[in-house]
There are 2 protein chains.
Amino acid sequence: MDLAAGPGTAPGHDVAQRRHCRPGQQPGPVHDGPDRPELDHPELDRPGLDRVEEELARFFADAKLRAARIGPPYLRLWEALERAAAGGGRSRPQLVLLAYRHLGGTDAQSAALLAASYELLHTALLVHDDVIDRDTVRRGVPNVSGRYRNRALRAGADAAEAEHAGTSAGLLAGDLALAGAYRLLRRIEAPREVEQRLHDLLDDAVFSSVGGEVYDVELSHAAAPPSMEDLAKTAHRKTSVYSFEAPLRAGAVLAGAPAPAADALQRFGRDAGIAYQLVDDVLGAFGDASSTGKTGCSDLREGKRTVLLAYAASRPGWDRIAGLVGRPDLTPADAERIRRVLVDCGARDHAVDLAARHAGRALAALESDGVPAPLRQRLGGLLRAVVGRVRPGGPGAAPGPAHRPAT
Amino acid sequence: MDLAAGPGTAPGHDVAQRRHCRPGQQPGPVHDGPDRPELDHPELDRPGLDRVEEELARFFADAKLRAARIGPPYLRLWEALERAAAGGGRSRPQLVLLAYRHLGGTDAQSAALLAASYELLHTALLVHDDVIDRDTVRRGVPNVSGRYRNRALRAGADAAEAEHAGTSAGLLAGDLALAGAYRLLRRIEAPREVEQRLHDLLDDAVFSSVGGEVYDVELSHAAAPPSMEDLAKTAHRKTSVYSFEAPLRAGAVLAGAPAPAADALQRFGRDAGIAYQLVDDVLGAFGDASSTGKTGCSDLREGKRTVLLAYAASRPGWDRIAGLVGRPDLTPADAERIRRVLVDCGARDHAVDLAARHAGRALAALESDGVPAPLRQRLGGLLRAVVGRVRPGGPGAAPGPAHRPAT
């Protein structure tokens, strides 16, 4: 379950880029997560994001210079880490910058450092998550572990030794990225109390993510399939907190926003994160409803434990597909059979409704007085676009119980 | 090569606690590192160390309370991490406190936080080092990875799955400890510039340790045996920097000591760290010269790449023992044969002389004007006691070229 990828690999899957089920195709573990195009919006804070890229580039340039003094193997690890940090959609930085700018922040440098810090945290969690999931590919290319594994294989190591070389490199690279997140945070110039709160937020994000990962590992070893509640809690802890809640709240804190605004953004982040994850699960099985009808099936082939499957497992029809889910040699016809059961038993509708309900709650949180109208519109617009990919009418089309239309 | 253990497992090996070579005994990987008794001296800063224990206990109590809210599996990981942090000799905290107190520091609370931060860094590096070395035992009991591996085995996992469960748990626990080191540092109350320098020191320590670990992994996969220079550099980066240089310098910085004193302590730490490592290597092969003549052989059985073996590999007689070193079924007679060659070819004398030379340099660094006499005496006394275990006359007995007697 690739939850640490969060919005990076989540609802923005360009379906055309997904790998399609072809008979006989037996790929290794793949995370091909192009980042959410819907956050890559022309109105976005492009100068702010450029500055984030500059800070990241500076961080890596400095580290590589120091690593080169130690020697080529260390430089190589830093280069692998830099590649791991490249190519993402910078979703977390975008949320930091959005909150910061719209809540009155004017220190572009500190905002960039804060945003870059969350990007490095994201990198650290992705790299370590890949070690735990034994994935060797991300965004279509070998990840840190994959590169080192391949290198060891070329050097003549056997499979087990090569895998361990990949594990070791991924572990160390992730440590460097984690330390880097704290390092960039430390460079922010802000009142002591603000610095302390920013540090606490980062710390809480790490705490929650590791807790979610622990549960994720636990669930994957459990004999019984996880309940929908367990899946949702795990996804929230592992991904939403560090991907949505913390970046939004941190941006608000750095901007010196009053507590109600920061609280509202955090509440928004919480429900938006769950909605994103649900949308991702639906897209993972059905593809993008708003696109040409092409569908992905990597989630089905991996047997990714999603709310869809957890729901279906307790309904009639499950026995017809239980043996297919997770088969590496899944054919398009198999995938289609699974999808039919997911629709017929109500799993798809359930997941879409649940996503809409959480999106509704998230939008309601934005109605707080402390949230300026432009920020409400921006965040609301992003969320509606995401949910619209599985429910073209958007969350407003069929509100769940907690929904209040955001105007 | 267990360098991250540094002074924790290094020269303080109580030889009586080492496992002895018995025919047919084929232990798994073991790190039985009781911490240096020579630092556990009655004159030591016992109230200061008690305060460090309190800070660590508070850190874990708080984390476990929060983890319990997430659920039992997360609490279990924190409990495993707490056990990993227990039972060490607190060598790094002792060095922090020594430097701090003797250089005029009076804020016991901040000193304890700084000292505890280095202990958590040590824990993080040990736990991750064990993952990389695939060790499952430390200080005679299962480490984090070992506990989770055993648990998975009991639950019916096969060997590979169980090992991976151990790897995942070790990786996550180490991340928590690393984040914890930054968290405790953050709680120190000091002028902003001092805080920044303390953060930089911790950061540099992480950077160096990971760099050393990368080299360690590199050397272990190289076809050719590593040179003595490579071994010494790797040991320095992986262990000395975070175990000696950084704690001493950090204590000085927090105390507000002038630069020459901080520089002198760092120089002392550098050479003392190398001396410690060399002494550990000699003890690992020969046991404690000052004790009853009992000898350990776990280093020889593991084939630990030490300066002794690197030296011997280029001398006559190596072909007689090359096939024995690293044999898991090494007998006492085999070990004795190896030791004889290490003595005859001059490897033992070389390592002991080198240790004395570095100790001499370390003592010379303490002669800086900025280092108060009581601190010089304390650090000098500790170092002489260590080197005395392999060279009863101590470093003063046969000074190396860089030696100046410390008076």
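Overview of values
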read-out	value
Residue, surrounded by the fewest Cβ atoms within 10 Å (Cβ to Cβ), within region B:41-87, restricted to residues that are within 14 Å of chain A (Cβ to nearest Cβ) and farther than 17 Å from A:TYR215 by Cα	B:ASP62
Wholly within region B:264-321, helices (runs of 4 or more DSSP H) carrying at least 1 residues that are of a type outside the set (S, T, N, Q) and at pLDDT 90 or above	B:307-312, B:318-321
Residues of region B:218-236 that turn out to be surrounded by fewer than 24 Cβ atoms within 10 Å (Cβ to Cβ), within 11 Å of chain A (Cβ to nearest Cβ) and not small (Gly, Ala, Ser), as a count	6
Every residue from region A:101-134 that is within 12 Å of another protein chain (Cβ to nearest Cβ) and touching a Lys or Arg at 6+ places or on another chain (Cβ under 7 Å)	A:ASP130
Set B:TYR215, B:TYR182, B:TYR242: member being at negative phi, among the aromatic types (Phe, Trp, Tyr) and more than 11 Å from every other protein chain (Cβ to nearest Cβ)	B:TYR242
Helices (runs of 4 or more DSSP H) wholly inside region A:104-195 that include at least 1 residues being at pLDDT below 95 and within 21 Å of the chain's Cα centre (by Cα)	A:108-133
Matching residues, region B:189-212, being at the interface with chain A (Cβ under 9 Å from one of its Cβ atoms) and among the aliphatic types (A, V, I, L, M)	B:LEU202, B:VAL206, B:VAL210
A:ARG348 crowded, with 18+ Cβ neighbours inside 10 Å and part of a helix (DSSP H, G or I)	yes
Lone unmet requirement of (1) among the hydroxyl-bearing types (Ser, Thr, Tyr); (2) in contact (Cβ under 8 Å) with a residue 24 or more places away in the chain; (3) not in a helix (DSSP H, G or I) for A:SER243	(3)
Residue identified as farther than 18 Å from B:LEU172 by Cα and hydrophobic (A, V, I, L, M, F, W, C) among B:ALA108, B:ALA63, B:ALA85, B:ALA124	B:ALA108
Checking A:LEU125 against (1) in contact with a Phe, Trp or Tyr (Cβ under 8 Å, 6 or more places away or on another chain); (2) free of Cβ contacts under 8 Å to residues at least 60 places away in the same chain, the condition it does not meet	(2)
The lone exception for A:GLY166 - which of (1) farther than 29 Å from B:ALA205 by Cβ; (2) more than 9 Å from every other protein chain (Cβ to nearest Cβ); (3) not hydroxyl-bearing (Ser, Thr, Tyr) it fails	(1)
Residues that are among the aliphatic types (A, V, I, L, M) and within 17 Å of B:ASP280 (Cα to Cα), drawn from region B:222-247	B:MET228, B:LEU231, B:ALA232, B:ALA235, B:VAL241
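Rundown of residues vs (1) of a type in the set (Asp, Glu); (2) in contact with a Ser or Thr (Cβ under 6 Å, 6 or more places away or on another chain); (3) surrounded by fewer than 23 Cβ atoms within 10 Å (Cβ to Cβ); (4) closer than 17 Å to B:ALA246 by Cβ, yes/no style:
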| residue | (1), (2), (3), (4) |
| --- | --- |
| B:LEU176 | no, no, no, no |
| B:PRO191 | no, no, yes, no |
| B:ASP204 | yes, no, yes, yes |
| B:GLY212 | no, yes, no, yes |
| B:ASP216 | yes, yes, no, no |
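The values are calculated or read from the model by the stated rules, or taken from the named source; none is laboratory data. The structure displayed is predicted, hence computed values, not measured ones. Note that we place each Cβ from the backbone using ideal geometry, even for glycine, and neighbour counts take in every protein chain shown.
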